[in-house]
1. When only residues in region 39-62 that are among the hydrophobic types (A, V, I, L, M, F, W, C) and more than 13 Å from Lys14 (Cβ to Cβ) count, which is surrounded by the most Cβ atoms within 10 Å (Cβ to Cβ)?
2. Looking only at residues in region 26-37 that are of a type in the set (A, V, I, L, M, F, W, C), touching a strand residue (DSSP E or B) at 6+ places or on another chain (Cβ under 6 Å) and modelled with pLDDT of 95 or more, which one is surrounded by the most Cβ atoms within 10 Å (Cβ to Cβ)?
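The values are calculated or read from the model by the stated rules, or taken from the named source; none is laboratory data. In this text, all values refer to a predicted model and were calculated from it rather than measured experimentally. Using ideal geometry, Cβ is built from the backbone for each residue, glycine included, and neighbour counts are taken over all protein chains shown.
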Amino acid sequence: MVTNDMSTTGKYVKLKDINNLIMIVAGSLTGFIQHFVFKEKHVYFVNVIFHTGGSLVYYSVLDKKINKKYITFNKVNGKIDFQDDFKLDANLAFIPIIEIEEQNILPSELLN
């Protein structure tokens, strides 16, 4: 459920695909991606908060849900995969997908 409107002073970047979002998270201190459903679409996003107080939300919209708990990004070859189990591997960045029930970060006007 989306409960925000465009009157909030947020900055948003809609990415071309989920792979770009994964690469942003894999290369930053943000260690997870959030997911919610809006009008039968699957929205994946990360909210980057700056030490100066501002924020920037990167997001991607998919027709189908990623049905795994983790996204893995291979830091050596750039391969992206999805899995349910966490394992120790120095070459892999494990990015959990956090399921959101309600949020007020991405405004519904942006997602229509």
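1. Taking region 39-62 and keeping what is among the hydrophobic types (A, V, I, L, M, F, W, C), we get 43, 45-46, 48-50, 56-57, 61-62.
Checking which are more than 13 Å from Lys14 (Cβ to Cβ) leaves us with 48-50.
On the way: Val48: 16, Ile49: 11, Phe50: 8.
Looking at the filtered set, the residue picked out is Val48.
2. Of the residues in region 26-37, the ones of a type in the set (A, V, I, L, M, F, W, C) are 26, 29, 32-33, 36-37.
Narrowing further to those that are touching a strand residue (DSSP E or B) at 6+ places or on another chain (Cβ under 6 Å): 26, 32-33, 36.
Checking which are modelled with pLDDT of 95 or more leaves us with 32-33, 36.
Working: Phe32: 14, Ile33: 23, Phe36: 20.
Result: Ile33.
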